Amino acid sequence: MSKNITIHWFRKDLRLSDNPALYNAASSGVVLPIYILDDINSGVFKMGSASRCWLHHSLKSLNQSLGGKLQVFVGDPLNILPELAKKYKISNITWNRCYEPWQIKIDTKLKQILINLEIKVNSYNGSLLWEPWDVLKKDGLAYKVFTPFYHNGCLKAKEPRLPLPSPPKLLLIETEKSLDKIEQLGLLPKLEWGKTLISHWHIGELAANERLADFLDKDIQSYKEGRDFPAMSSVSRLSPHLHFGEISPNQAWYGARSFSLDSNIDHFCRELAWREFSYSLLYFNHELATKNLQQKFDFFPWRYDSKQLSLWQEGKTGIPIVDAGMRQLWQTGYMHNRIRMVVSSFLVKNLLLDWRDGARWFWECLFDADLANNSASWQWVSGCGADAAPYFRIFNPVTQGQKFDQSGEYTRYFVPELKLLPDKYLFNPWEAPVEVLQTAKVELGINYPLPIVDLYSSRVRALTALKSLIS
């Protein structure tokens, strides 16, 4: 066996192209590609069910690209990597950096263990356009507001590196086939739910690149305006692929900027930069997922109502656009960004339930359940985060539906009980005359729920709660 054996530890980089750590591992000699399912160190932030489902199929796709030579393990990398290094007489280990606080802690420990074993460790940036420590204010502090982060930080920082090709020569250790081992990881959720989730997606590196190409060819031309309308195909739907590293942000960034820069291209790049901003917030605020960035919200009078929380989770609130969004989440592992804001606002403001309850449900059900984006976005909607929407900005789900789903196509698809209602009452069926409901075969409280909260009075309640923080 060759003396120059390098372990490449796949993590959130489940791809061959534009993979800096794998590229450098391949240039050093023979590579042992591994993946470790670590539910030990991740603790409460271990992957939710939907993410695990995606991971199962993404690993199978990656393994196929590696000729069946991906080795998968379950357990603690602090034990597994030193054992593999001893077994295969490893001289080098590479990985692309992760930025979750628990992962940083483990990586720091692991590097020291491996260095003590005289094993070279090289880590790379394979998942961000800019390292968090490279986009800082002039005073050396992290940005707390997105617009200057983007214009004064990102756009004035060093250009993101150009995407790398797949390794031109990738020599892999001959090992037993890994397909059965992936099955044995037990990643798939309840059979029927898992089948329903993945039926809406193509998973893996090839699918990610095809999705990007299709988006740039057809949909980006209407991105800036169309991205607000959930029934339109104007969004990229790249978020799960980016989350698992089936495609890199560099590939998306330069793919978009290969076109003439216009408002649609610029807006898409801004959204990639928002992802960077979320990672910056997480990197410099390790408790972003659990603690309010604005400490005054530590005294906010959140309610606890398990029944209303469950109805929100199940898409049975009696508020059609909210129910459509929550059902889209459950059925597809994804939710349109505009609707994410609407359902989040409804939870924390109309229901007055803690944003962390919503973040946990998204974590369980989203394919793109990213600790940085999920936490930063929930804090943004709740008014307690950096550069947050003011708490008094309360989305009206009726007017949101009327404005952004004018034809009702999105809502009727996910809430078919209301498909016969005329547009005038689709988003507020409780205001429809009896004869209209009868014609549409809608029986409120029977085949579609009455609203679980009054939108006007709950808005007043939310504003009163806010005043309690500033009085």
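Overview of results
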| read-out | value |
| --- | --- |
| Sorted peptide list for 295-301, 213-219, criterion being average Cβ within 10 angstrom, highest first | 213-219, 295-301 |
| Average projected area [Cα convex hull, the chain], square nanometres | 23.6 nm² |
| Distant-in-sequence amide H partners of Tyr124 (H built 1.01 Å from N, under 5 Å) | Trp95, Asn96, Arg97 |
| Dipole magnitude (debye, nearest 20) for region 295-470, charges at Cβ of Lys, Arg, Asp, Glu | 360 debye |
| Rounded to the nearest 20 debye, dipole of region 263-381 from Cβ charges on Lys, Arg, Asp, Glu | 300 debye |
| Highest average packing first - 279-290, 35-46, Cβ atoms within 10 Å | 279-290, 35-46 |
| Peptide ranges 432-442, 344-354, 327-337 listed from the most packed, as the mean C-beta count within 10 angstrom indicates | 344-354, 327-337, 432-442 |
| Proximal aspartates and glutamates to Lys86, defined as alpha-carbon separation beneath 13 angstrom and excluding residues fewer than eight positions away on the same chain | Glu118 |
| Volume in Å³ per residue [convex hull over Cα atoms, computed for region 295-470] | 105 Å³ |
| Cut-off under 5 Å, modelled amide H: who pairs with Phe73 long-range | Tyr35, Ile36, Leu37 |
| For Asn428, residues with placed amide H under 5 Å, excluding near neighbours | none |
| Between region 61-98 and region 1-45, the alpha-carbon center distance in angstrom | 6 Å |
| Crossing angle, helix 371-382 versus the chain [Cα axis fit, 0-90 degrees, rounded to tens] | 20 degrees |
| For region 5-126, the fraction of alpha-carbon pairs in successive 5 Å shells from zero, as % | 2, 10, 22, 26, 23, 13, 4, 1 |
| FRET E, pair Gln295, Gln64, Förster distance 60 Å, beta-carbon r, rounded to 0.05 | 0.75 |
| Whole-Å distance, taken between Cα centres, linking region 242-260 and region 168-215 | 20 Å |
| Lys, Arg +1 and Asp, Glu -1 on Cβ, resulting dipole of region 5-126 about Cα centre, debye, nearest 20 | 120 debye |
| Those lysines that a straight Cα-Cα span of less than 21 Å connects to Lys316, excepting residues fewer than 8 apart in one chain | Lys307, Lys349, Lys419, Lys424, Lys441 |
| Region 291-301 - phi-based ³J(HN,Hα) in whole Hz, Karplus 6.51/-1.76/1.60, Gly and Pro as x | 10, 5, 5, 8, 5, 4, 6, 5, 9, 5, x |
| Cα gyration tensor shape of region 317-365, rounded if a/c is under 1.5, else prolate or oblate by comparing a/b with b/c | oblate |
| Net charge of Cβ neighbours under 12 Å - reference Leu351; Lys, Arg +1; Asp, Glu -1 | +1 |
| Under the Karplus curve 6.51 cos²θ - 1.76 cosθ + 1.60, θ = phi - 60°, whole-Hz ³J(HN,Hα) for region 247-252, x wherever Gly or Pro sits | 8, 9, x, 5, 5, 5 |
| Vicinal HN-Hα couplings computed from phi for region 399-412 (Karplus, 6.51 cos²θ - 1.76 cosθ + 1.60; Hz; Gly/Pro x) | 5, 4, x, 5, 7, 9, 9, 4, 7, x, 4, 5, 5, 5 |
| Proximal lysine pairs, region 92-155, alpha carbons under 27 Å, eight or more residues apart or interchain | 5 |
| Using alpha carbons only: equivalent-ellipsoid semi-axes of region 1-47, gyration tensor based, whole Å | 25, 13, 6 |
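FYI, it's all coordinate maths here, none of it is from the lab. These numbers come from a predicted model, not from an experiment. Positions of Cβ are generated from backbone atoms using ideal geometry, with glycine treated the same way; all protein chains shown enter the neighbour counts.
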